[in-house]
Amino acid sequence: QVQLVESGGGLVQAGESLQLSCSGPGRAFKWIGMAWFRQAPGKERELVASISAAGGNTFYLDSVKERFTISRNNAISMLYLTMNNLKPEDAAIYYCAGTAKLFSITESDYNSWGRGTQVAVSS
């Protein structure tokens, strides 16, 4: 397991943008697949986007395609989620997560989690 810390959440109006950041463990970061999950009140946690260790492969939840972009900078052990055109249904706690696999879209593969950052979207 590695220590992950998210930042960048907040309250925005529908249609606005936010960028979430996640700081990773340093040396190990470039070898692990990373992802953003979210959980809204009363709903199950869901995978929003994932990215391979080298950054070449990505996956997006259908509802965020064309609006969200996951990226990483392995030189500084950072993961990002750029969220454009936010909608009220995007409101949730967003979690950064890491897996020992190079890439995964399976939640059970992720064994390192941050504490989450709140995203609220007003209509």
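Enter the accessible area of Leu102 (Å², nearest 10), with the probe set to 1.4 Å and all protein chains included.
In the full protein context, Leu102 sits at about 110 Å².
Taking the chain as a Gaussian network, where each spring joins two C-alpha atoms under 10 Å apart, which residue of Pro25, Pro41, Pro88 fluctuates the most?
Ranking Pro25, Pro41, Pro88 by mean-square fluctuation puts Pro41 first.
Tell me the accessible surface of Lys65 in square angstrom (1.4 angstrom probe, heavy atoms of protein chains only), to the nearest ten.
100
Just need the relative contact order of the chain here, percent rounded to a whole number, with Cα pairs under 8 Å and 6+ apart.
On the way: 318 pairs, mean separation 44.8, N = 123.
Relative contact order for the chain comes out at 36 percent.
Just for the chain, what percent of DSSP beta bridges are antiparallel, to the closest 5? Intermediate results must be reported in sequence, preceding the final value.
On the way: 36 of 40 bridges.
Within the chain, antiparallel bridges account for around 90 percent of the total.
Which one, Asp90, Asp109, Asp62, has the greatest fluctuation when you compute a Gaussian network model over the chain with C-alpha springs under 10 angstrom?
Evaluated over the chain, the most mobile residue of the options is Asp62.
Per the 1.4 Å probe, what fraction of the accessible area of region 1-92, in percent, lies on carbon and sulfur atoms?
Roughly 47 percent, rounded to a whole number.
By a straight-distance test (C-alpha under 28 Å), which lysines pair with Lys43 as possible cross-link partners, with residues fewer than eight away in the same chain excluded?
Lys65, Lys87, Lys101
Grab the Cα-Cα distance for Glu66 and Ser108, subtract it from 0.36 nm times how many residues apart they are, and report the gain in nm with one decimal.
Numbers: separation 42, 0.36 × 42 = 15.12 nm, distance 2.60 nm.
Fully extending the segment from Glu66 to Ser108 adds 12.5 nm.
Taking R0 as 30 Å, what's the FRET efficiency between Asn73 and Arg115 from their Cβ-Cβ distance, rounded to 0.05? Mind showing how you got there, number by number?
Numbers: r = 21 Å, r/R0 = 0.71.
So the FRET efficiency works out to roughly 0.90.
Pick out which of Gly55, Gly33, Gly42 has the largest mean-square fluctuation in a Gaussian network model of the chain, springs linking Cα atoms closer than 10 Å.
Fluctuation is largest for Gly42.
Keeping all protein chains in position, work out how much accessible area Glu107 exposes to a 1.4 Å probe, and write it in Å² to the nearest 10.
About 70 Å², rounded to the nearest 10.
Rolling a 1.4 angstrom probe over the protein heavy atoms, how many square angstrom per residue are accessible across the chain? Mind dumping the intermediate values first?
Details: 6420 Å² over 123 residues.
That works out to 52 Å² for each residue.
The values are calculated or read from the model by the stated rules, or taken from the named source; none is laboratory data. All of these numbers come straight from a predicted model, not from anything done at the bench. Cβ: placed from backbone, ideal geometry, glycine included. Neighbour counts: every protein chain shown. Surface areas here come from the heavy atoms of the whole protein model, side chains and all, with no ligands, DNA or RNA. Shrake-Rupley method; radii C 1.70, N 1.55, O 1.52, S 1.80 Å.
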